[in-house]
Amino acid sequence: MASSCPYHAAYNFVASSFVGSKVLEGFALARGCFRHGVAEPIGRFFASASKSSGLHVSQVSFLAGIFLNVPLAAATRFVPKGKARHAYGALTTLSLLALAYGRDVQQFVWAGAFVYGLMRMFPTRCGHLAWGTVFTYQIYLHYKLGTEEAWNAGAIDFTGSFMMFTLKLISIAMDYQDGHRHIHFGEKRTAHSFRELPAPLEYSGYLFGLGGILVGPHFYYDEYMRYAHNEGEYKTLNTKDSPRVVGAAAKAFMSTFFFIAVYLQLGKVITDRPAILKRVDPNIRAWEKLLIGFVANLEYRVKLYFTWHLEETALILSGFGFSGWSKEDKETPVWTKAVSAAVIECEAPPSFAVAVVKWNRHTGKWLRNYVYTRIPGGGLPALMVTQVIAGIWHGLSPSFVLFFSHSALLIYCSRILYRIQMSYLPKETLPYTNFGHSLLTLFMLNYIAGGYNAVSMKSVLDWWRSVGWCGHYMISFIFVLGFIFPKKKKKKASTEEHATSKKAM
């Protein structure tokens, strides 16, 4: 019986010829050899490792991918610059994605090809089209796969890496669009904009190079191109003047094992984070619940510190992420572009605003470049929209949206408190008010983060209710302070002073 499927019709047409049948037999033979010689042994190894370690199979395959990325990314610096470096980066990271996620690697390939088509056909609209399609598709994936529930259950799917991939796709499309709109419509030139359409190999090298989409951090197309061609800050790469990498890489690598050790110890205490946070027990007092929430959320952050420091190690060894020299001795290289989070500033933040900037810092800069600065008016409305988009980017869940929308309120509160500190209080009180600001920041961040993993709207509200809505009262109080202590208007020079200064000139 003839098949109505176009794929089957094309297959039968090719197979009907002698040459076509031999080609298809060759493909089938190669696929069988790969399955029996590579895929099945790796699958058995992962299953064995999962059984012995107690980790989910998806966790084992993901860990294998990010650990293998360290030597593979580090070797990028020794690959000849230009096309060879693009090809090496694309092939190695695609292989790691296939190792970690199996056939889901095709999601990255098709999405990348789609956005490249948008850039070629709609250069003045491709950024907005990428927002409307790729970002929407990512939201659909979160909904379809139930990613938050899967992550809380210990499973890891491709959506986490696809989140980083979405940032890169929108970034390169927006920067290409900005370059064209600057020329054709006279719009303001943005920091990373460009006009020349990347070659397919350059495009693939940027998207997949250095394993950056596995766990981050995000970096821009122009930054990658300077690295790929040994230009700009990378002109001395692999020369005697190249920045030293051993010390910084060793520090990041040791931090990786420190954080995984802390995570394993906390895991003995917090065995099921969502269940503990959603637990309703009248015998647990509010301050005890806040303490439990702090430990539970620390466990979550430590897990991310582990993966981020591993990628930081890979980037530093590759030579990518060099950000200049230390201001103190002018000799120690600084690798800010390779660092996803500043741990000390995140765990002991001086203010809400600093905590947000230092946590997943490159994603924060991405949000600022492509969301916040493009919303007319700025202020709290722009901040709220930006943080809500950040929440939706993490997953289509009330807990994410509520956490990030409240983080916008906290950032605004931080601005009010800073204004009071600097404009209304004596300078002598600054050390004490800074300390108080830091303690309040730590408390409030853990208060709103208590519902981060609760998934449902009811669970989030139950968490806040169980601790007496204390954080919300604090937010309201600070907003009232903002009205009591408004921004001071800048003093305008008098007409006489202006005339005097003009005469002196």
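At a glance:
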{"read-out": "Test: Ala248 is farther than 22 Å from Ile156 by Cβ and modelled with pLDDT of 90 or more", "value": "yes"}
{"read-out": "Selection from the stretch 324-375 of residues that are touching a His at 6+ places or on another chain (Cβ under 7 Å) and either surrounded by 18 or more Cβ atoms within 10 Å (Cβ to Cβ) or acidic (Asp, Glu) (or both)", "value": "Ser340, Ser351, His362, Thr363, Trp366"}
{"read-out": "Unique match (being outside any helix (DSSP H, G or I), aromatic (Phe, Trp, Tyr) and outside the structural domain of Lys365 (by TED's automatic domain parsing)) among Phe165, Phe253, Phe194", "value": "Phe194"}
{"read-out": "Number of the exception - Ile183 against (1) at pLDDT below 85; (2) on the phi > 0 side of the Ramachandran plot", "value": "(2)"}
{"read-out": "Failed criterion for Ala150 (all others in (1) part of a helix (DSSP H, G or I); (2) modelled with pLDDT of 90 or more hold)", "value": "(2)"}
{"read-out": "Sole exception among (1) of a type in the set (Ser, Thr, Tyr); (2) at pLDDT 95 or above; (3) in contact with a Leu (Cβ under 9 Å, 6 or more places away or on another chain) for Ser171, by number", "value": "(3)"}
{"read-out": "Residue selected from the stretch 208-248 under the condition buried (at least 17 other Cβ atoms within 10 Å of the Cβ) and of a type in the set (Gly, Ala, Ser), by the criterion nearest to Tyr305 (Cα to Cα)", "value": "Gly216"}
{"read-out": "Selection count, the stretch 88-115, where residues are crowded, with 17+ Cβ neighbours inside 10 Å, more than 30 Å from Ser50 (Cβ to Cβ) and of a type in the set (A, V, I, L, M, F, W, C)", "value": "1"}
{"read-out": "Hits in the stretch 337-352 - residues which are more than 20 Å from Leu383 (Cβ to Cβ) and in a loop (DSSP other than H, G, I, E, B)", "value": "Val339, Ser340, Ala341, Ala342, Ala348"}
{"read-out": "Lone qualifier among Ala382, Ala286, Ala341 - being at pLDDT below 90 and out of contact with any Asp or Glu (no Cβ under 7 Å at 6 or more places or on another chain)", "value": "Ala286"}
{"read-out": "Of all residues in the stretch 116-145 being among the small types (Gly, Ala, Ser) and surrounded by fewer than 16 Cβ atoms within 10 Å (Cβ to Cβ), the one that is farthest from the chain's Cα centre (by Cα)", "value": "Gly117"}
{"read-out": "2 or more residues modelled with pLDDT of 90 or more and among the aromatic types (Phe, Trp, Tyr): qualifying helices (runs of 4 or more DSSP H) within the stretch 413-505", "value": "430-449, 470-484"}
{"read-out": "Residue in the stretch 303-323 that is over 19 Å from the mean Cα position of the chain (by Cα), buried (at least 23 other Cβ atoms within 10 Å of the Cβ) and farther than 25 Å from Ala342 by Cβ present", "value": "no"}
{"read-out": "Qualifying residue in the stretch 83-92 (condition: more than 27 Å from Thr307 (Cβ to Cβ), outside any loop (DSSP other than H, G, I, E, B) and among the charged types (D, E, K, R))", "value": "yes"}
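The values are calculated or read from the model by the stated rules, or taken from the named source; none is laboratory data. Predicted, not measured: the structure shown is a model, and the values here were computed from it. Positions of Cβ are generated from backbone atoms using ideal geometry, with glycine treated the same way; all protein chains shown enter the neighbour counts.
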